[in-house]
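Just below is one structure, and these are the notes that go with it.
The values are calculated or read from the model by the stated rules, or taken from the named source; none is laboratory data. Note that the coordinates shown come from a computational prediction; the quantities given were computed from them, not determined experimentally. Using ideal geometry, Cβ is built from the backbone for each residue, glycine included, and neighbour counts are taken over all protein chains shown.
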């Protein structure tokens, strides 16, 4: 309290001047139409500017919430595309009846950690088994392939991205429909390789690579990337360099793809393989 009184005694003349100045301006504005209109106009501009800055700040602070909402809407929209439905067909003579069942579901997640400079890179997302995320689920971002879930705890999951030396996925050339395998040879995090496409299949720079739909990780026609260049110097197959559609250095939100039919398909395949193995022992 003593400090406040001392401060007032020290600057009372200046404070008195400010008070009298404010009083004079008030009388001037109230008793002069021109000054009144100018004050109202400028005060409106000031207040509007303050509100605008506050709105921008509020919007900036809500970017995380907005991104979460957009990711959820993206997941719902992607779930409704035709590639995510299984066509159940029944044939009776020439009559064909087709019914669709949804096969793929999408769940949103955020990237909380990622590496891009190693031979075996990994991505950590903030959704695990409590969020219905499990191993062998595909991961995409912005409509582009990202990788496959390797392991999941209750709250987190580890994703093996395309930029991992052990990654492999079935893909195809969108223009010709030819199938191959997507792998990564290391180095540039934006370039991957498509192998196993014979040289008699035409491939050109700018061709689009998409998923084949042959695996239980991804639906068909998920964007992989664009052909950057083609090396035909060795053996009977193209070595196709693909510029990835996703930027792994700026990865933020992802969608985890769940194949409802995966367990059924894997069980059937294992049963056939076991039968073949038993027959081979006879």
Discussion item. Suppose we filter 234, 228 for residues that are in the same structural domain as residue 189 (by TED's automatic domain parsing) and either in contact with a strand residue (DSSP E or B) (Cβ under 9 Å, 6 or more places away or on another chain) or part of a helix (DSSP H, G or I) (or both); which single one remains?
Written reply: 228
Practice prompt. Scan segment 139-160 for residues that are more than 13 Å from residue 218 (Cα to Cα) and touching a strand residue (DSSP E or B) at 6+ places or on another chain (Cβ under 9 Å) and jot them down.
Written response: 142, 150, 151, 152, 156, 157, 158, 159, 160
Worksheet item: Do you know which residues across segment 237-254 are surrounded by fewer than 21 Cβ atoms within 10 Å (Cβ to Cβ), touching a helix residue (DSSP H, G or I) at 6+ places or on another chain (Cβ under 9 Å) and assigned to a strand (DSSP E or B)?
Response: 253
Response to the item:
Residue set 204, 220, 192; condition assigned to a loop (DSSP other than H, G, I, E, B) and under 30 Å from residue 260 (Cα atoms); output residue 220
Worksheet item: Name the pairs whose Cβ atoms lie under 6 Å apart, with the first residue in segment 255-282 and assigned to a helix (DSSP H, G or I), the second surrounded by fewer than 10 Cβ atoms within 10 Å (Cβ to Cβ) and modelled with pLDDT under 80, and 6 or more positions between them or separate chains?
Response: none
Worksheet item: Any residue in segment 131-150 that is more than 19 Å from the chain's Cα centre (by Cα) and free of Cβ contacts under 8 Å to residues at least 40 places away in the same chain?
Response: no
Discussion item. Taking the conditions exactly as written (at pLDDT 95 or above and surrounded by 18 or more Cβ atoms within 10 Å (Cβ to Cβ)), does residue 209 satisfy them or not?
Written reply: yes
